[in-house]
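Data first, discussion second: the structure below is written as structure tokens.
Values in this text are rule-based calculations from the coordinates and carry no lab data. None of these values were measured; they are calculated from a predicted model. Reconstructed Cβ throughout: ideal geometry from the backbone, glycine too, with neighbour counts over all protein chains shown.
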């Protein structure tokens, strides 16, 4: 199935914005911005990667989008763009999570055993999910919001664990206290892994964002109300 697809990936869950393309099973991922300017650079990035490969939007057979968890505004931009493209072209739409992308990337890199995907959640927290990597990546729990110290406490008893993601980069000083951990800081979930995940998944009518908590603006307003 994946060999006959032309798949576009939209990644806006983290500070870094990226796009990817899969043509006849061959993948390429490109970072288009590193400063949270998803609205400004995403459309141009899509146009560039299509043009580079001699494609137009009408050549696409599927659009895959990272549905989170991640930055609230970035997720809204990415999902709206992906939904508009898929609906306008009448092609498949698929959502994958940033945590699934990290786990798949680790699996494809040869990591086996316990692995924790970590996305920077700001506010001193990470979005996290624990996987076991073997022949496939199997989630051991649902995605959670936690502090880095809470993740360290959860992982202390394991013989070994791999930690992947931009959450590792942001809170490295906490995670490097884990003597049983291999740290893999990444600025963006692996785009090629996201393409392969999306090519394998069944299409969806609607992709809903995985926020896990209120956006910063709502949280800040609630905090102000509680203080007043």
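The order of 130, 38, 53, going from fewest to most other C-beta atoms within 10 Å of their C-beta, is 53, 130, 38.
The GNM of the chain, with springs linking C-alpha atoms under 10 angstrom apart, assigns the highest mean-square fluctuation among 91, 188, 119 to 91. Angle of helix 191-200 to the longest C-alpha principal axis of the chain, folded into 0 to 90 degrees and rounded to 10: 70°.
Against the chain, whose longest principal axis comes from its Cα atoms, helix 72-89 is set at around 20 degrees.
So for region 132-173, what percent of the C-alpha to C-alpha distances run longer than 16 Å? Can you show the working numbers first?
On the way: 384 of 861 pairs.
Beyond 16 Å sits 45 percent of the P(r) for region 132-173.
Using a ≥ b ≥ c from the Cα gyration tensor of the chain (square roots of the eigenvalues), is it rounded, prolate or oblate, where a/c under 1.5 gives rounded and otherwise the larger of a/b and b/c decides, a/b for prolate? Can you show the working numbers first?
Values: a/c = 2.05, a/b = 1.32, b/c = 1.55.
It is oblate, given that a/c is not under 1.5 and a/b is not larger than b/c.
Between the helical axis of 38-52 and the longest alpha-carbon principal axis of the chain there is an angle of about 50 degrees.
Here the residues 155, 101, ranked from fewest to most Cβ neighbours within 10 Å of their Cβ, fall in the order 155, 101. For the chain, with a Gaussian network of springs between Cα atoms less than 10 Å apart, report the residue from 25, 121, 157 with the top mean-square fluctuation. Highest fluctuation among the options: 157.
Mean-square fluctuations from a GNM of the chain, with a 10 angstrom spring cutoff on Cα atoms, peak among 193, 109, 13 at 109. Note: relative contact order over the chain, using C-alpha pairs below 8 Å and six or more positions apart, is 22 percent.
Taking all Cα-Cα distances within region 99-185, those exceeding 21 Å account for 17%.
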